[in-house]
Amino acid sequence: MSDTAVELSPHTITGTHHVGMSVASLDRALAFWETFLGAKARWRALLDKPYLGRHVGYPGIAMDAAFLDLPGGVVIELLEYRTDDKRQNPEATANPGNVHLCLAVTDCSSAWRRAVAAGARPIVPEGPIDVTHGPKHVADVRLKHSMRGREHPCGGDCGRAGWLQYGLDGRYLWVADDGDVVSSATNRVVAYVPALANSRYLFELDWRDGRPVRTGGRSGIVPLR
């Protein structure tokens, strides 16, 4: 990493638009994803504009493409490059370039069986296991407000998808797109922040004697239990 200071342009990211995946066959990929998600692709088209091939490093390329909507507002884009100059990447998870997609589900075993039935190839045939280290279920907390509907006013990515973030001291959990504040000690809603009910973009900035002393990122900190 260079010691030379680099002046960055202003931060303009407002959300995730989509996640792209290159596939060997768009038809086979859609057969899996549409079966697994229980919904048809939102959009499918042939992409062949000259500027596109130049920007992806394959001048003159054409790509079969499709968009699929995931619950929560994220979109997957599947791309099949129409070229013979492509190879299947090794599937071992340690290989550089290997990526994974993590989905939130209400029943892990049921989701695993559905994925396998739709054509997924599991590495471990026994299915999901209980995780003995790392995050664990502590309590179910009934929120007092709703995440239904859309944020308004909104600058982009307006669907209320929610966001959970702990404060730097771990005492409270802030529930974005809802506004509730949950106590870590009692696992109960103890406050409501109206501004937080209409946004999921937040960070903590602590002040002392009129001066900022520390700040947290948008990911928050999870206290150990």
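Values quoted throughout were computed directly from the atomic coordinates according to the rules given, and no laboratory measurement underlies them. All values derive from a computational prediction rather than experimental measurement. Positions of Cβ are backbone-derived with ideal geometry, glycine not excepted, and every protein chain shown enters the neighbour counts.
Some notes on this structure:
- Longest exposed-site-free window of the chain, the sites being GluC sites (Glu not before Pro) in a DSSP loop that have at most 13 other C-beta atoms within 10 Å: 127-225
- Cα-based helix-to-principal-axis angle, 108-118 vs the chain, degrees rounded to 10: 10
- Calculated FRET efficiency for the pair ARG114/THR186, C-beta based, R₀ 35 Å, to 0.05: 0.45
- For the chain, the Cys residues with no second cysteine's beta carbon closer than 4.7 Å are CYS102, CYS108.
- 3J(HN,Hα) along segment 158-164: 8, x, 6, 9, x, 6, 10 Hz, from the Karplus curve 6.51 cos²θ - 1.76 cosθ + 1.60 with θ = phi - 60°, whole Hz, x for Gly and Pro.
- Taking the fewest neighbouring Cβ atoms within 10 Å as the starting point, the ordered list for VAL175, VAL23 is VAL23, VAL175.
- Estimated distance in nm for a label pair at CYS154 and ASN98, the labels positioned 7 Å out from Cα along Cα-to-Cβ: 3.7
- Amide H contacts of GLY20: GLU77, each under 5 Å away and 5 or more positions distant or on a separate chain (H built 1.01 Å from N in the peptide plane; Pro and chain starts excluded).
- At R0 = 41 Å, FRET efficiency that the Cβ-Cβ distance of PHE32 and PHE203 yields, to 0.05: 0.65
- Ranking of ASP130, ASP157 by neighbouring Cβ atoms within 10 Å, starting from the fewest: ASP130, ASP157.
- Residues MET21, MET63, MET147, sorted so that the one with the fewest Cβ neighbours within 10 Å comes first: MET21, MET147, MET63
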